[in-house]
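Since the structure comes first, as structure tokens, the remarks are kept for the end.
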Amino acid sequence: MNEYLWPLARLAEALAALSAKPQSIPPLTAPENLDDWLRTAAATLNLEAQPAEILYATFDEQIARLAPAILRVRSSFLFVIEPGKILAPDLRKHSIAPSAIRSALCATQESALTSEIDDLLNRAQIPASKQIKARDTILRERLGITRIGGIWLIRLPPAASFRLQLRRARIPLRLLALTSAHAIQYVLWIAAWWLVGRNVLSGGTDRRWLVVWALLLLALVPLRVAITWLQGRVAIGVGALLKRRLFFGALRLDPDSIRHQGAGQLLGRVIESEAVEALALSGGFLGLVALIELVIALFVLGAGAAGVLHSLLLLAWIGVAALICRQYFLRNRSWTDVRLTMTHELVENMVGHRTRLAQLPSHLWHEGEDEALQGYLKTSKAMDNSTTALLALAPRGWLVLGLAGLAPAYMHGTASTAQVAIALGGLLLAYRALKRLAAGAWQLAGAAVAWERVSALYHAATRPVVRGSLEIKTTEDSHPVVDARDLVFRYHDRAEPVLRGATLEVSTGERLVLEGPSGGGKSTLVSLLVGLREPNSGRLLLDGLDRQTLGLERWIRRIAAAPQFHENHVLAETFAFNLFMGRHHIPTPADLEEAEAICNELGLSPLLERMPAGMLQMVGETGWQLSHGERSRLYIARALLQQPELVILDESFAALDPENLQRAVECVVRRAPSLLVIAHR
């Protein structure tokens, strides 16, 4: 194994070898900064290094699926580039068993049990030839739930070219295989019925034709299985990549781009994102099959009784069908606009239901609903008419036109019986293709309309993020935690800046209170300090380093904030999940003990005692309902558990009663290395 391990000094070279565009990156000089260095170095190479843990019992199966990956073996590293293959320091690929990799990573855990297990096997008189397998089985049983760390998965980031992600996932090859399988299937299907038709129409009774026909039909069975399997793999692969891209884009949205959007509009985007995946994939498959059938139908019709005229008529009708599809798309877009507007208004009314009941006169509760429903009904009727034309007129109209094109040749009697049969077969094949094409266009039009609503999430994934420098040189000089000088910030939709000449300095160990009137820019200053926004001008340093040098990820790890109540949320998950949202690793038992201690100091122990599952209790809108004060203390605990250099609390004490206020203040003063509290004047 030692000959396959990369030393720490060559880690940068090995990581560059995994990149599609290798480039020189500075080597790692401080092993304690390994995780940060790997993230930044991978981002520099347009890759993503994601820490992972694997259970000992499932290591062999999972490591094959998780490649490429970097594995830390003591003070060296192993590079798994594909299932069963590793990259050695000589830049050659070598085969290696997953069990050997597992033994290298878990040498410490296994060595503590090996002597005991060997002694047990010897006393049980297990043959030497079977001891290896027996030892491995016992180790799996004893260490099954042990988590193996020191693993980083190397992936293309969600912001990478979607075409490149599809190629890495082998989607184009599977699509090509799917298209070929469909084409071969129809060739065999036509050949089978051509044999039967020729035998019957010629009056032949040779049974050999029937045997060949049966063999052709049997050959269709494995093709159908392959087509179904390929469709599933393509659908799952594309769907997973698309969901990952949209979710990543949602996290990358510019805060200013969603400032004026309500919960209903955001919910509408989520709903439409599901439609993009479901409709685009199913409609795409139908469209692909329909196009293959139409191409084959053109050739079949050209060989039929009406000849090239029949093929030209089909091409003309395809153009008519395209116009029908366009009309349906435009009406679907109008209907979707009305539907999403109603969704937004309904959600907003549901969110403010109690306020409306308490303050709005009862005769105004349903004001405007009839008008909205009337508009929705009108657009629905228009879209239904277009749907009828698309799904009924487009395929059935071709039957009328196709029969009309066949009529002259049939009436003049110039075509043979075989040619008429071929023309009828091509006509029916084109009808089935147009029927599928109409169904596919119906779904693709819905996906296109939905895409117009969610494309912002897709493109937001490529929003540039400051990566920071790989070489951060520390000096002996002490710097303030935050050093802000003459900051100016202006929102895009405002002429006057919210902040002008703002200056603030926070040193290690300081506890500061920033007071000001409502709307004075306090929360805007907090968003600048934590990295959500960038100032238009001025200087902002964290530990003496600017944002370009430190990078956004390192920046947000050093400052944790509890935003104002309306900008902070409890997610529908466990209480522990909501506490550890800011952590970058799976919580350990020690982390849970620390969280419980902080909750006790904040006065949340009575709440945890009431919860049947304690910290594992589901909370949020669909779980245990937390009071205003309990949520505020949860937000404070969440910020403290991130272990930052500076904790910023934006009006986090406003909802607390005097007793809990004193507890919370004592807790944050004791635990926060530096503290900045935002309060009203």
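Tabulated results
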read-out	value
Among beta bridges that DSSP assigns inside the chain, antiparallel share in %, nearest 5	70 percent
The chain: Lys pairs at Cα distance under 26 angstrom, eight or more positions apart or on different chains	5
Relative packing of peptides 86-99, 419-432, 558-571, 61-74 - highest average C-beta neighbours within 10 Å first	419-432, 558-571, 61-74, 86-99
Cα gyration tensor category, rounded, prolate or oblate, for region 586-681 with a/c compared to 1.5	oblate
Accessible area, probe 1.4 Å, largest first, for residues Asp119, Asp60	Asp119, Asp60
Residues of region 409-429 with amide N under 13 Å of a point placed 7 Å along Cα→Cβ from Leu309	409-415
Cβ-Cβ FRET estimate between Asn46 and Leu215, R0 fixed at 45 Å, reported to 0.05	0.30
Met342, Met383, Met581, Met411, ranked by accessible area, largest first (probe 1.4 Å)	Met411, Met581, Met342, Met383
Extension gain from Ile145 to Trp365, taking 0.36 nm per residue of separation minus the Cα-Cα distance	73.6 nm
Within the chain, helix-based [θ] at 222 nm, where runs of 4 or more DSSP H residues each add -39,500 (n - 2.57), nearest 500	-19500 deg cm²/dmol
Gyration tensor (alpha-carbon) shape descriptor, region 457-550, a/c threshold 1.5	oblate
For the chain: rounded, prolate or oblate by the Cα gyration tensor [a/c cutoff 1.5]	oblate
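The values are calculated or read from the model by the stated rules, or taken from the named source; none is laboratory data. Note that the coordinates shown come from a computational prediction; the quantities given were computed from them, not determined experimentally. All Cβ positions, glycine included, derive from the backbone under ideal geometry; neighbour counts span all protein chains shown. When the accessible area is computed, the model is the full protein with side chains, heavy atoms only, and any ligands, DNA or RNA have been set aside. Shrake-Rupley method; radii C 1.70, N 1.55, O 1.52, S 1.80 Å.
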